[in-house]
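Asker: Input: one structure, supplied below.
Please treat every number below as a calculation from the coordinates, not as lab data. Just so it is clear, the structure is predicted and the values come from calculations on it, not from any experiment. When we count neighbours, we look across all protein chains shown, and the Cβ atoms used for this are built from the backbone with ideal geometry, even at glycine.
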Amino acid sequence: MAGRVPDLVAQMYNHVPTGVGAHRRDLCLGQAELRAVMQQGAAWAVGRGFGRAQDLAHIEEGGCLEGADADLVSDRAIERGSTQLGTLGSGNHFAEIQYVAEVYDEKVAQAFGLFRDQVTVMIHSGSRGLGHQVCDDHLRTMIRAAAKYGIDLPDRQLCCAPIRSPEGQAYLAAMAAAANFAFANRQVMDHWVRESFAAALGTSADRTGLAVVYDVCHNIAKFETLPLEGRSRRVCVHRKGATRAYPPGHRATPEAYRAVGQPVLIPGDMGRYSYVLVGTERAFTESFGSTCHGAGRRMSRSEARRAVRGRSLVEELRARGVHVMAAGMATIAEEMPEAYKDVADVVAVVDGAGLSTKVAQLRPLGVIKG
């Protein structure tokens, strides 16, 4: 397999647009179609041949958040999203070919369809410019709303409004629309990754063996029913830098995994490893059904760029068996492995606390970045 990695990476880079302004000419959407994406999420993509119907059973919320209202998304946000479906963002976004290096829980790994030395692909990308614009648009509204409702802000970036206020309701509906765009975005990329493997291996996409394990969103607010102060309450859970970690038996855990718990995906950096974990009852009762999302940075992007001067990161990574292609060298510098905490340390904390437990370690073989 190792000899195939450079071609696999090249095919992925050719199929999946990466970086600021990246797009494919064969998928540029008009306003009506983009509004359908924001209402339907991943199902829109599957309905147009990007992936398989069974993929939807392995996506959080089936790949579509309720309550989305595309009419509350600005024309500027729609304009920015019209060419960005099926694309990787810049910064810490990636599509990475990995292999299963360690299995810690054989039973759960088997339920997830994972086994030692298996080749996998992990994708990290979201709602792109559309989601960023939704955020910008509503930040301005929320700053005014905070003053209107007498909310004292220690920091303007903490601007907010009551959930049931017109401003709060409008934001939640627009955010859900952006989240649905993100679900569809990753679904389209899933499809193009299958096509990339098919092209590199000289086979059909259906014979690549690539199936969705899980797609979990983060950096959003969702209404969920959780135990709080001795009773079940419906609350708005904000997961910023966090991801859901639901336990076995919960009805929101996909049926395929309900006996063992929801898959939890925690990416590391492109030089070391990422992890698959599983949700727990303890997370459900103690941390609003949440666990960490990733390693987190230990260097700013400017610090990383300074630290990498005089080095060839591409060659260094290749010497470690990782083939990298990116839209620009600046991104590789900013995302160098040393810029991030060791995700093994982060995973050890959440595993030790019982907020999610280790299932498998994935090590990188090749990566494309924006």
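Asker: Please list the three semi-axes, largest first and in whole Å, of the ellipsoid equivalent to region 38-151, using sqrt of 5 times the eigenvalues of its alpha carbon gyration tensor.
Answerer: 35, 18, 16
Asker: Over its Cα atoms, what ratio of radius of gyration to 2.2 N^0.38 Å does region 279-364 give?
Answerer: Taking the Cα Rg and dividing by 2.2 N^0.38 Å, one obtains 1.37.
Asker: A follow-up question, please. Could you tell me the relative contact order of region 154-298? Use alpha-carbon pairs under 8 Å, at least six residues apart, and round to a whole percent.
Answerer: Over region 154-298, the number comes to 16 percent.
Asker: LYS358: which lysines have alpha carbons under 17 Å from its alpha carbon, excluding same-chain residues fewer than 8 sequence positions away?
Answerer: By straight Cα distance, LYS358 reaches LYS107.
Asker: Could you give the C-alpha radius of gyration of the chain expressed as a fraction of 2.2 N^0.38 Å, taking N as the number of residues it contains?
Answerer: 0.97
Asker: For region 66-118 and region 160-198, what is the separation of their Cα centres, given in Å?
Answerer: Cα centroid of region 66-118 versus Cα centroid of region 160-198: 11 Å apart.
Asker: Give the lysines whose C-alpha is closer than 28 Å to that of LYS148, dropping any in the same chain fewer than 8 places away, or say none.
Answerer: The qualifying lysines are LYS222, LYS240.
Asker: Select from region 1-102 those trypsin sites (Lys or Arg not before Pro) which occupy a DSSP coil region and have at most 10 other Cβ atoms within 10 Å, ordered by residue number.
Answerer: Loop-located and lightly packed - ARG25.
Asker: Work out, in µm²/s and without decimals, the Stokes-Einstein translational diffusion coefficient of region 170-252 at 10 °C, 1.306 mPa s, Rh from Kirkwood over C-alpha pairs.
Answerer: 101 µm²/s
Asker: In addition: Report the longest stretch of the chain that contains none of the chymotrypsin sites (Phe, Trp or Tyr not before Pro) sitting in a DSSP loop with at most 16 other Cβ atoms within 10 Å.
Answerer: Between the exposed loop sites, the longest stretch runs 215-370.
Asker: Under a point-charge model restricted to the Cβ atoms of Lys and Arg (+1) and Asp and Glu (-1), what is the dipole moment magnitude of region 101-230 relative to its Cα centre, in debye to the nearest 20?
Answerer: Roughly 400 debye for region 101-230.
Asker: Run the reach check for LYS369 against lysines, Cα to Cα strictly under 21 Å, same-chain hits fewer than 8 apart removed. What comes back?
Answerer: Here the lysines satisfying the reach criterion relative to LYS369 are LYS341.
Asker: What residue among GLU60, GLU335, GLU102 has the largest mean-square fluctuation in a Gaussian network model of the chain, using Cα springs under 10 Å?
Answerer: Looking only at GLU60, GLU335, GLU102, the biggest GNM fluctuation is shown by GLU102.
Asker: Farthest toward the dipole's positive end in the chain, which of THR285, GLY150, ALA173, given Cβ charges of +1 (Lys, Arg) and -1 (Asp, Glu) about the Cα centre?
Answerer: Projecting each Cα onto the dipole axis, the largest value belongs to GLY150.
Asker: To the nearest 500 deg cm²/dmol, what mean residue ellipticity at 222 nm is calculated for the chain from DSSP H runs of n ≥ 4 alone, each contributing -39,500 (n - 2.57), summed and divided by the residues?
Answerer: Mean residue ellipticity, 222 nm, calculated: -11000 deg cm²/dmol.
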